[in-house]
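Readers should treat all values here as calculations from the given coordinates under stated rules, not as data from a laboratory. Model, not experiment: these values are computed from the prediction. Glycine also receives a Cβ, built like all others from the backbone with ideal geometry; neighbour counts cover every protein chain displayed.
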């Protein structure tokens, strides 16, 4: 297959932990041809969606995950997206208007016959914070509002809460407010932009001490291990980007219940790869833009997540 990866610049990849690199390496091992571009290289001209892409090869000792350079790229060329067998949207958030524009362009290409994963409409339709609203049976007490009084009342009811923006990533903008309510007003003002933006409030889940679990769904099936991202020191956030320590572990019975319920629903909507976040027994997020944690699970358990992903991709494009 000719596979196009729409991602951040290849020069910025940290291949020792990058899930997109793990996908690329496995696809290359199977003989697939790799291309790359960034969202800014997408465009529409005379009825067709095209991109300025570079064909590239993975070079060097594949066992050395700190090597540089790790790829060799050809000169850029402009190609219509329908000329690829598979297009993988792997651009990291923020999910801003340029990201939305990319999904619109990819959707036009899809209508012309391009195969895009995850499906552009499905990416747009699943807010990574709000998608949990479809599955309330798995969700701890949660409120989404821009109303400061309601947020204050939620804190008064539950005593210990987490407040976060709806468009954050990597733990950015996440605050814990304990029963004393210290700085509650200023946190609400900041996150809501004085009432202009909605905020998510969740009852604090003490099991965060055991990690914020990333559960991967691939082709409608769960990876049998999660990655528990454990907060360090006085930090309340387990995100790896916020300094959390990743520990792979088998799925619990509750993890499997959540995954078994969501996986077929989300796969049917064109979401080939999903990263569920769970703390204790509770679902907290549904990540669809650029789910990660392949490398950590692979290294700690020996389970080949990248192979499972490329298997699913090959089935989806057969």
Based on the alpha carbons, how large is the Rg to Rh ratio for the stretch 208-318 when Rh follows Kirkwood? 0.97
Expected 222 nm ellipticity per residue - DSSP helices of 4 or more, -39500 (n - 2.57), all of the chain, to 500: -8500 deg cm²/dmol
Show me 85-97, 60-72 ranked by packing, highest mean number of other Cβ atoms within 10 Å first. 85-97, 60-72
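Could you tell me the calculated FRET efficiency between residue 124 and residue 247, based on Cβ-Cβ distance and R0 = 45 angstrom, to the nearest 0.05? Write out the running numbers ahead of the final one.
On the way: r = 33 Å, r/R0 = 0.73.
E between residue 124 and residue 247, to the nearest 0.05, is 0.85.
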Scattering profile of the stretch 87-239 at q = 0.12 Å⁻¹ [log10 I(q)/I(0), Debye over alpha-carbon scatterers]: -0.63
Mind jotting down the distance between the C-alpha centroids of the stretch 187-246 and the stretch 139-163, whole Å? 17
Rounded to two decimals, the Rg over Rh value of the chain from Cα coordinates and the Kirkwood Rh reads 0.98
Sort the following peptides by mean Cβ neighbour count (other Cβ atoms within 10 Å, averaged over residues), highest first: 164-170, 287-293. 287-293, 164-170
Relative to the present Cα-Cα distance, how much length would full extension add between residue 178 and residue 98 at 0.36 nm per residue of separation? 25.1 nm
Can you tell me the orientation of helix 253-268 relative to the chain, as the angle in degrees between its alpha-carbon axis and the longest Cα principal axis, to the nearest 10? 50
Report the full-extension gain for the segment residue 148 to residue 186: residue separation times 0.36 nm, less the Cα-Cα distance, to one decimal in nm. 12.6 nm
For helix 305-317, what angle does its Cα long axis make with the longest principal axis of the chain, in degrees from 0 to 90 and rounded to 10? 60
So for the stretch 141-204, Kirkwood radius off the Cα pairs, Stokes-Einstein at 4 °C and 1.567 mPa s: how many µm² s⁻¹? 115
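Roughly speaking, what % of Cα-Cα pairs in the stretch 2-118 are separated by over 24 Å, rounded to a whole number?
Tail fraction, whole percent: 24.
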